[in-house]
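To start, the structure under review is shown below, and the notes come after it.
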Amino acid sequence: MVKDLKKILETLEVHEATQERIKTIQLAENASMQDTLKALSVLTESVQGIAVGSKGSIECLNDKINIIKDFVIKQAEEATSLKLRIIKIEDKLNE
């Protein structure tokens, strides 16, 4: 009977130790989860900041592309106008 009681006490002690370990693991997991959530929050804010910055950069590049496009079109129009003038002058010279 004493052996049975000792065995029961040992089992209870092992069970209590196991429960303490489980509690410690759960606390560690909760802390890790909180750290993970904080890290995700910081990451989300960083990505939002990058997106805003990227949008501004894209708009700026788009404006510059439009300026270059307008310049190229103007140059092409001037070149075409000069070619037409040269053709007219050549025609007058050939008459």
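The values are calculated or read from the model by the stated rules, or taken from the named source; none is laboratory data. Just so you know, these numbers come straight off a predicted model, no measurement behind them. No Cβ is skipped: glycine too gets one built from the backbone with ideal geometry, and neighbour counts run over all protein chains shown. Remember, those area values only see protein heavy atoms, side chains included, never the ligands or the DNA or RNA. Shrake-Rupley method; radii C 1.70, N 1.55, O 1.52, S 1.80 Å.
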(message) Among the listed residues A76, A31, identify the single one that is open to solvent by less than 100 Å² (accessible area, probe 1.4 Å) and at pLDDT below 75.
(response) A31
(message) Please go through the stretch 1-28 and give me each residue that is modelled with pLDDT of 75 or more and either exposed (fewer than 10 other Cβ atoms within 10 Å of the Cβ) or polar (S, T, N, Q) (or both), ordered by number.
(response) T11, T18, Q19, T24, Q26
